[in-house]
Amino acid sequence: VVFEKIKGVNLENIVATLRWAGCLMIISGCAQVVYKIWMGVGKGYWAFIFPALCQLIGLIVLSRYAGDNQYDNNFPVVVLIWFLPPAILPLLAGVKLAVEYRLVTVSLKSTLIGMKIILPRAKKFLLYAFFATGVTCTDTLVLALSGNESLGISVSGQIAEYFVVSKIFTMLFFMFNAILISVGPTLTGLYITHKFEEMKRQVRLLIVIG
């Protein structure tokens, strides 16, 4: 329904694209564990540098590819080029981390014990993460369904404009989110040591900055 409203879209290409993109996004989601490991070993900066590096690689390859080919006829290939670096490169980094920290020697029993400790705490964030994902992942679908080509409202044009504008604000959000994640351990330390006044002062400062 969504793609039929966008003029000039080849539905066969869309089906192929969804297959490629879906598989690669699943791999990318699993690869997020690598970023969490970096956070845990005190190298959290790589969790921000690496995604940016993956997107930069995809952008460079796409810019060279666009100079010799037409996007319309090779849409699945374009999506493959864009999603491949975030899916493959973190996995390679994960192999390096597994060897460096001997993660491959962790037993199944110790893993299950760790999950029993982590999951009861993690489930408290599940509802928040579910709603946040719902908000951030449905905007484009709503925009695609709201257009009306018969009234001269170009759905593809709206989506393109929306993504350009949203990328500008996403960059600012990403920068502030990096600040929040970096001060998280500090706030946790203040809470554990019962330095509540200092913790409140820093929280208020972050709210003002935000």
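The values are calculated or read from the model by the stated rules, or taken from the named source; none is laboratory data. All of these numbers come straight from a predicted model, not from anything done at the bench. Heads up: the accessible areas ignore ligands, DNA and RNA and are worked out on the full protein's heavy atoms, side chains in. Shrake-Rupley method; radii C 1.70, N 1.55, O 1.52, S 1.80 Å.
Structural remarks
- Tyr162 accessible area, 1.4 Å probe, all protein chains in place, Å² to nearest 10: 80
- Unsatisfied cross-links (Cα-Cα over 26 Å) in the set Lys36/Lys123; Lys116/Lys200; Lys124/Lys200: Lys116/Lys200
- Taking every protein chain into account, the 1.4 Å probe leaves Glu198 with about 70 Å² of accessible area, to the nearest ten.
- Surface accessible to a 1.4 Å probe, Val135 within the full protein complex, Å²: 100
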